[in-house]
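Encoded as structure tokens, the structure appears first; notes follow it.
The values are calculated or read from the model by the stated rules, or taken from the named source; none is laboratory data. Bear in mind that the values here come from a model prediction, so they are computed numbers and not experimental data. Here the Cβ is made from the backbone with ideal geometry for all residues, glycine too, and neighbour counts use every protein chain on show.
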Amino acid sequence: MKHIISSFIISFCFFLTEAYAQRTVSPNLPSRSFSTTPLASGPSVYGVFEGKSPCQSIARQMNIEVGPECIKLKWGLTLYHDSITHKPTHYKLAGTFFRKQDREGKWHILYGTRTDPEAIVFQLDLGEPNGFLFLLKGDDNVLFILDKNKDFLVGDAQFSYTLNRARN
Amino acid sequence: MKLIQPNRTIMALAVWLTLANSSTITRDSSVLGIFAGNTLCGDIIRPLHKISQQADCDLVEWKLTLYQDPLTHKPTTYKLTSVSRFIEKPSNMYSQPGIKTETEGKWTIVRGSNSNPRAIVYQLDPGKPQISIRLLKLGANLLHLLYRDGALMIGSSQASYTLSRISN
């Protein structure tokens, strides 16, 4: 009987500990994507990042002609890397500018900006006439689109130039 | 004697008045900046906007005014105006007119984030320590919300946690 009671108490203590751990687990996690097709996954995928940004400034930067009605852009960026060395390989860029066909190309990691010599910057080779797309690695889950001088792009009251890691 | 044409007189007067006014317009040095953005309704930002954890909320529109001492430029108080919205079914549109709240408090500058011990972080203190929040200063014109553990808050394809300067 004593053994049963002791076992119950110990089990109950484990339960309380687990429940407390669940409450304190950070919910600051990547959100589920709204994509109708599953996101790329696996060891060769560095990550999938999504977001909405203002339109005009980045359109000018990428030499893409848009009308004044273009207020926002959707972005869906998949970055691939070597599954063993983790070196960047290629990307797929979907979104408002690439509705007909995803843009694909190579990407590289650069170090440093004008204001932060330790910054990690992803450079996507978009090809002509779009040039390069620079993204500052905020951390593993957040990227910031930069201008051609690798400075921050400033958003507006509705949208920013931030891409967020997404999950299936 | 040739009379001065009244139209030219009026135009000259208008120009003079404009120049006179422009020389007296000064930037309000008690305002560090006004930052705005649409973010998700993450759990740690809800108390700051007086949104209960159980409330249906999918988007928060921020307008954050940071005040400073006009002489020393040290942080003083903030004013936060927000509108929270949820997604209505079956339209999938954001609710109108939304729920507006206004809060005030003090703010301070602290140092260090997860990835950078030299980072500048703004801490908003609404009077209750458990609901204070921190924003990473990305640059002069951008702030990004930090989670409890100091990580950048992760948005989604719909909205991020970045606030952009909309006014000085």
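Quick one: what pairs do we get from the stretch A:106-124, first residue assigned to a loop (DSSP other than H, G, I, E, B), second not hydrophobic (A, V, I, L, M, F, W, C), C-beta under 6 Å, 6+ apart or different chains?
Cβ pairs passing all conditions: A:Thr113/A:Lys150; A:Ala119/A:Gly112; A:Ala119/A:Thr113.
Would you check if B:Leu124 is touching a Phe, Trp or Tyr at 6+ places or on another chain (Cβ under 8 Å) and under 24 Å from A:Lys52 (Cβ atoms)?
Answer is no for this residue.
Quick one: which strands (runs of 3 or more DSSP E) lie wholly within the stretch B:49-168 and hold at least 1 residues that are buried (at least 21 other Cβ atoms within 10 Å of the Cβ) and either within 10 Å of another protein chain (Cβ to nearest Cβ) or among the small types (Gly, Ala, Ser) (or both)? Walk me through how you get there before you give the answer.
Working: elements: B:59-68, B:75-85, B:99-111, B:120-125, B:133-139, B:142-146, B:162-167.
Where strands (runs of 3 or more DSSP E) fall fully within the stretch B:49-168 and carry at least 1 residues being buried (at least 21 other Cβ atoms within 10 Å of the Cβ) and either within 10 Å of another protein chain (Cβ to nearest Cβ) or among the small types (Gly, Ala, Ser) (or both), they are B:59-68, B:75-85, B:133-139, B:142-146, B:162-167.
Take the stretch B:80-109 and flag every residue that is at pLDDT 95 or above, of a type in the set (A, V, I, L, M, F, W, C) and more than 16 Å from B:Arg46 (Cβ to Cβ).
Across the stretch B:80-109, the qualifying residues are B:Trp107, B:Ile109.
Has the stretch A:155-165 got at least one residue that is in contact (Cβ under 8 Å) with a residue 40 or more places away in the chain, in a loop (DSSP other than H, G, I, E, B) and touching a Cys at 6+ places or on another chain (Cβ under 9 Å)? Give the derivation first.
In the first step, residues of the stretch A:155-165 are kept if they are in contact (Cβ under 8 Å) with a residue 40 or more places away in the chain; the result is A:155-156, A:158-165.
If we keep only those that are in a loop (DSSP other than H, G, I, E, B) too, we end up with A:155-156, A:158-161.
Narrowing the set further to residues that are touching a Cys at 6+ places or on another chain (Cβ under 9 Å) leaves A:159.
The answer is yes; a qualifying residue exists.
Tally up the residues in the stretch A:21-41 that are part of a helix (DSSP H, G or I) and either modelled with pLDDT of 75 or more or surrounded by 10 or more Cβ atoms within 10 Å (Cβ to Cβ) (or both), please.
0
Evaluate the stretch A:158-166: report whether one residue or more is surrounded by fewer than 19 Cβ atoms within 10 Å (Cβ to Cβ) and more than 12 Å from chain B (Cβ to nearest Cβ). Break it down into steps so the answer makes sense when it comes.
As a first pass, look at the stretch A:158-166 and keep what is surrounded by fewer than 19 Cβ atoms within 10 Å (Cβ to Cβ): A:158.
Filter once more, keeping what is more than 12 Å from chain B (Cβ to nearest Cβ): none.
Looking for residues that are surrounded by fewer than 19 Cβ atoms within 10 Å (Cβ to Cβ) and more than 12 Å from chain B (Cβ to nearest Cβ), one finds none in the stretch A:158-166, hence no.
Kindly indicate whether B:Ala119 is of a type in the set (A, V, I, L, M) and either touching a residue at least 60 places away in the same chain (Cβ under 8 Å) or under 19 Å from B:Ser30 (Cα atoms) (or both).
No; evaluated as a whole, the condition is false for this residue.
Step by step: first the residues of the stretch B:51-70, then only those that are within 18 Å of the chain's Cα centre (by Cα) and of a type in the set (D, E, K, R), then the one that is farthest from A:Phe159 (Cα to Cα). Which residue is that?
B:Asp69
Mind checking which residues of the stretch A:114-124 are within 19 Å of A:Met62 (Cβ to Cβ) and either within 14 Å of another protein chain (Cβ to nearest Cβ) or surrounded by fewer than 17 Cβ atoms within 10 Å (Cβ to Cβ) (or both)?
Looking only at the stretch A:114-124, we keep the residues that are within 19 Å of A:Met62 (Cβ to Cβ), and these are A:121-124.
Listed by number, the list holds a single entry, A:Val121.
Does the stretch B:126-153 hold any residues that are more than 15 Å from the chain's Cα centre (by Cα) and of a type in the set (D, E, K, R), and which are they?
Scanning the stretch B:126-153 gives B:Lys128, B:Arg148, B:Asp149.
Quick one: is A:Pro88 touching a residue at least 60 places away in the same chain (Cβ under 8 Å) and surrounded by 16 or more Cβ atoms within 10 Å (Cβ to Cβ)?
So A:Pro88 does not fit the description; no.
Can you tell me which residue is modelled with the highest pLDDT among those in the stretch A:125-142 that are surrounded by 15 or more Cβ atoms within 10 Å (Cβ to Cβ) and in a loop (DSSP other than H, G, I, E, B)?
Applying the filter and picking the extreme gives A:Asn141.
Which condition does B:Ile120 not pass, out of (1) in contact with a Leu (Cβ under 8 Å, 6 or more places away or on another chain); (2) under 29 Å from A:Asn168 (Cα atoms); (3) not small (Gly, Ala, Ser), if it passes all the others?
Failed condition: (2).
Considering only residues that are under 15 Å from A:Leu124 (Cβ atoms), surrounded by fewer than 20 Cβ atoms within 10 Å (Cβ to Cβ) and polar (S, T, N, Q), look in the stretch A:47-77 and name the one that is nearest to the chain's Cα centre (by Cα).
A:Gln61
Quick test of your reading of the structure: B:Leu143 fulfils all but one of (1) over 23 Å from B:Asp28 (Cβ atoms); (2) in contact with a strand residue (DSSP E or B) (Cβ under 8 Å, 6 or more places away or on another chain); (3) among the aliphatic types (A, V, I, L, M). Name the failing condition by number.
Status for B:Leu143: all satisfied but (1).
Step by step: first the residues of the stretch A:42-68, then only those that are more than 21 Å from A:Lys106 (Cβ to Cβ), in a loop (DSSP other than H, G, I, E, B) and not hydrophobic (A, V, I, L, M, F, W, C), then the one that is nearest to the other protein chains (Cβ to nearest Cβ). Which residue is that?
It comes out as A:Pro68.
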